[in-house]
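Worksheet: the structure to be examined is printed underneath.
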């Protein structure tokens, strides 16, 4: 009986520990924003996270590409300090739901005795004049004294639409698409990432595998060995219409398609005449809701 | 005699200062007869509206999809607008999504900006590009894909057609 109790405590403790480390869920409205988008609202659901139960929840946000990286909400003057977060970083409660909080722009605060209005994310990070500098920002939610916090290390982050075109290892055209749109996927091997199999740079016969998935990541269908073309921009590309990629399984329709995963592969010949297949990582993107 | 000459001169000057009569404006262009006939799709393009608004390079803004699907060329699409108000569309092997047949009308007879297709109680609005080239047998249809929550245009499809 004693052993059973100990086991139960361990199991419950493990579950308790998991709840402590849960990342907060969040939604950004509109769903696609760039650094200059106005009227942005981020809604946080802290259910199961370390800050659940707090009436005052603060946001600690930083943009890795900036220096200083912290949002101006987190400090009133000088530089940001974990131990003395500004009251401006306190999130607004969502009426009727104690586990939900929000940050809405424009937001007017008092910094160092002066009233300041942040109209967009660039201004929130002090780069209103050079908005192209911010590509994404990470955040964690915390108590005022910092004794409770959700995971950091960019476990929760908001990626922004680029303001300037930047060549990338992988991209789609259009950059954001719905499941009813024609999609072109591009792979630029001259920008291969360090974690990838570097043999890809000398690979030939580049083909692709496209997988359509539900919102929960369940595979609906996958099509492999899709031929690619080599473009004038030195990218491998293939174009598809999700609806026409392949026949949908019974009971599943285009309405169920929420995500797409793309993998490229190629062949590398060795000195003995053998052929090895090399693959890229899986590039995943979500389909947007367009009408 | 000198006074009479002066009065005559002043009168002539006064009359010459009368504003010219405004010329009559021609009849409003009736585009409906110009749109009647069979139109073949010759080019089908996709535009990333966000990239366009930020002046991204052309290859990251616009893509010609006309022949992108071998065996499903967009050039196999055609549509016929009949004088009796009916239409028929032949999608050929293309993936164009358009009503197959029904009736057609302009949204505004004087200043049309769209063609309204109707079939079995359902309507499809086909936005028109500039009508300046209709007289020379060219027209553009435009389809816009909007973000649900903001209503912002995110993707545009441009159909360039020529008259058969």
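Here are some notes:
- When the range A:156-174 is limited to residues that are free of Cβ contacts under 8 Å to residues at least 40 places away in the same chain, within 7 Å of chain B (Cβ to nearest Cβ) and touching a strand residue (DSSP E or B) at 6+ places or on another chain (Cβ under 6 Å), the one that is surrounded by the fewest Cβ atoms within 10 Å (Cβ to Cβ) turns out to be A:173.
- Summed over the range B:50-70, residues that are assigned to a helix (DSSP H, G or I) and within 8 Å of another protein chain (Cβ to nearest Cβ) total 4.
- Per-region count, the range B:144-156, residues more than 7 Å from every other protein chain (Cβ to nearest Cβ) and surrounded by 18 or more Cβ atoms within 10 Å (Cβ to Cβ): 1
- The residues listed here are A:200, A:221; of these, the one that is part of a helix (DSSP H, G or I) and either at negative phi or within 14 Å of another protein chain (Cβ to nearest Cβ) (or both) is A:200.
- Residues that are surrounded by fewer than 16 Cβ atoms within 10 Å (Cβ to Cβ) and either within 18 Å of residue A:184 (Cα to Cα) or within 14 Å of another protein chain (Cβ to nearest Cβ) (or both), drawn from the range A:244-253: A:244, A:246
- Subset of the range A:28-60 [within 15 Å of the chain's Cα centre (by Cα) and either free of Cβ contacts under 8 Å to residues at least 40 places away in the same chain or not assigned by TED's automatic domain parsing to the domain that holds residue A:70 (or both)]: A:29, A:30
- Filtered by the rule that a residue be more than 14 Å from chain A (Cβ to nearest Cβ), surrounded by 15 or more Cβ atoms within 10 Å (Cβ to Cβ), out of contact with any helix residue (DSSP H, G or I) (no Cβ under 9 Å at 6 or more places or on another chain) and not in a loop (DSSP other than H, G, I, E, B), the range B:71-100 gives B:75, B:76, B:78, B:79, B:80, B:87, B:88, B:89.
- When A:185, A:175 are checked against the criterion of being in the same structural domain as residue A:201 (by TED's automatic domain parsing) and assigned to a strand (DSSP E or B), A:185 stands alone in meeting it.
- Across the range A:225-234, the qualifying residues are those that are in contact (Cβ under 8 Å) with a residue 40 or more places away in the chain and more than 9 Å from chain B (Cβ to nearest Cβ), and the one among them that is surrounded by the most Cβ atoms within 10 Å (Cβ to Cβ) is A:228.
The values are calculated or read from the model by the stated rules, or taken from the named source; none is laboratory data. In this text the structure is predicted, and so the values were computed from the model without any measurement. Neighbour counts run over all protein chains shown; Cβ positions are idealised from the backbone, glycine included.
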